[in-house]
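What follows is a single structure, written as structure tokens, with notes after it.
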Amino acid sequence: IKKMLNKKNNMATNKKITLYKGKIEIEFFEGSHRYTINGKSGIPSVTAITGVLNKPALVFWSANLAKDFLLQHLNAGTQITEELIIDAAKQHTIRKEQAAISGTKVHTFAEEYIKGKKPEMPEEEEVIRGVTAFLDWVKNQKVKFEASEKIVYSKKYNFVGIADAIATIENQRFLIDFKTSGAIYSEFFLQTSAYLKADEEESGKKYHGVKIARFAKDTGEFEMADRNMSEVESDYQAFLGLLETKKWLMQNS
């Protein structure tokens, strides 16, 4: 089984690049979502680092899903059994998986569009709404893309990640992050600050700030959050604090 998983991960390798004038080689394995830096694994990713943040809203969300599931069956006259309670406890996982599939499809469309591949319009209604919001934003803001799904790495702090896009809007350069989440959460600012600062460290190119573009799958609603460079600097200091926490957890797990 282990050999089969390793073979699958090797087949799923979708990115291999060099940074820092060829001194750093990064390989990203899509299947397992892991990176190697010059052949070494165990490098923390940006999302793994922000993942140490407490997310109390998710606890209430999952509890409410279980409650609504049980109430729906109770109101329908269904007997509440042990099996039904176990199913109720799984509802947050089921909902997350469904949302992840739709969100991935919107991200894939955006990536292919930015790269000029002329992707076909998806068939699923919720994905169409997200894609339509993305296309409307590009048209209305006259967005000029520089890069898509760009791997970034900080040699100074040893973390890695993938930035959704880099673009110019009204002659100003921004790092762009696409979200199909239910809202724009504060951790997104820490995430994007890390991508931006890592790319600045390696490329030397400057930014005007970051933009987080949220495309709601359920309504097609578009929402944008901006952070200027002063705010990005503050966000980055908070991110580096999380990085130290992540390192401590890795050393003591």
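Observations on the structure shown:
- Given (1) at pLDDT 95 or above; (2) in contact with a Gly (Cβ under 6 Å, 6 or more places away or on another chain), index of the condition Q191 fails: (2)
- Checking I184 against (1) β-branched (V, I, T); (2) over 18 Å from T50 (Cβ atoms); (3) assigned to a loop (DSSP other than H, G, I, E, B), the condition it does not meet: (2)
- Residue ID - farthest from D164 (Cα to Cα), chosen from residues in the range 105-128 that are part of a helix (DSSP H, G or I), in contact with a Ser or Thr (Cβ under 9 Å, 6 or more places away or on another chain) and open to solvent by less than 80 Å² (accessible area, probe 1.4 Å): E126
- Residues that are part of a strand (DSSP E or B), without any contact (Cβ under 8 Å) to a residue 60 or more places away in the chain and open to solvent by less than 70 Å² (accessible area, probe 1.4 Å), drawn from the range 211-253: K211, I212, R214, E223, A225, R227
- Unique residue being polar (S, T, N, Q), modelled with pLDDT of 85 or more, open to solvent by 60 Å² or more (accessible area, probe 1.4 Å) and within 28 Å of S186 (Cβ to Cβ) when the list is T47, T18: T47
- Among the candidates V131, V152, the residue that is over 19 Å from T192 (Cβ atoms) and open to solvent by less than 10 Å² (accessible area, probe 1.4 Å) is uniquely V131.
- Against the numbered list (1) at pLDDT below 85; (2) assigned to a strand (DSSP E or B), Y35 comes up short only at (1).
- Scanning the range 107-123 for residues that are of a type outside the set (D, E) and modelled with pLDDT of 85 or more turns up T108, F109, A110, Y113, I114, K115, G116, K117, K118, P119, M121, P122.
The values are calculated or read from the model by the stated rules, or taken from the named source; none is laboratory data. Computed from a prediction, not measured in an experiment: that's the story for all the values here. Note that we place each Cβ from the backbone using ideal geometry, even for glycine, and neighbour counts take in every protein chain shown. Note: areas computed on protein heavy atoms with side chains; ligands, DNA, RNA excluded. Shrake-Rupley method; radii C 1.70, N 1.55, O 1.52, S 1.80 Å.
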